[in-house]
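The next block holds one structure in the form of structure tokens; read it before the comments.
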Amino acid sequence: MFVDGSSPEDLTIENSTFFENEAGSGGAISQNGSFMATVVNATLADNQATGLGNAADIDADGGTFTLENSIVTHPNLGSGRPQCTRRTAMRWI
């Protein structure tokens, strides 16, 4: 999911699963903009980024990103890529 902050609204995702997704950056979620994004009670598993050095699950660039009561896992990753990258305020609850 790519969210680019062209909307003034904050984003909340609840009770969701992101499984085996692929993108250039942030295989599950890519946040770009100065808004607050919150993910609650989610599972992010086996997602991958195809861009060199990009995050397999979450790439957050701007605003605030909060991950609460969620699971991030890669039992078969093996790519050496990070699970999450940020250029923003990131909170893990």
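The values are calculated or read from the model by the stated rules, or taken from the named source; none is laboratory data. Worth saying up front: this structure is predicted, and the values here are computed from it rather than measured. Cβ atoms come from the backbone with ideal geometry, glycine included; neighbour counts cover every protein chain shown.
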Criterion: surrounded by 17 or more Cβ atoms within 10 Å (Cβ to Cβ) and at pLDDT 85 or above - qualifying residue of ALA56, ALA37, ALA45, ALA60: ALA45
Boolean, LEU11 is of a type in the set (A, V, I, L, M) and within 17 Å of THR73 (Cβ to Cβ): no
Residue count for region 14-34, restricted to those that are outside any loop (DSSP other than H, G, I, E, B), at pLDDT 90 or above and either surrounded by fewer than 17 Cβ atoms within 10 Å (Cβ to Cβ) or in contact with a His (Cβ under 7 Å, 6 or more places away or on another chain) (or both): 3
Selection from region 63-77 of residues that are crowded, with 16+ Cβ neighbours inside 10 Å, farther than 12 Å from VAL3 by Cβ and modelled with pLDDT of 80 or more: THR64, THR66, LEU67, SER70, VAL72
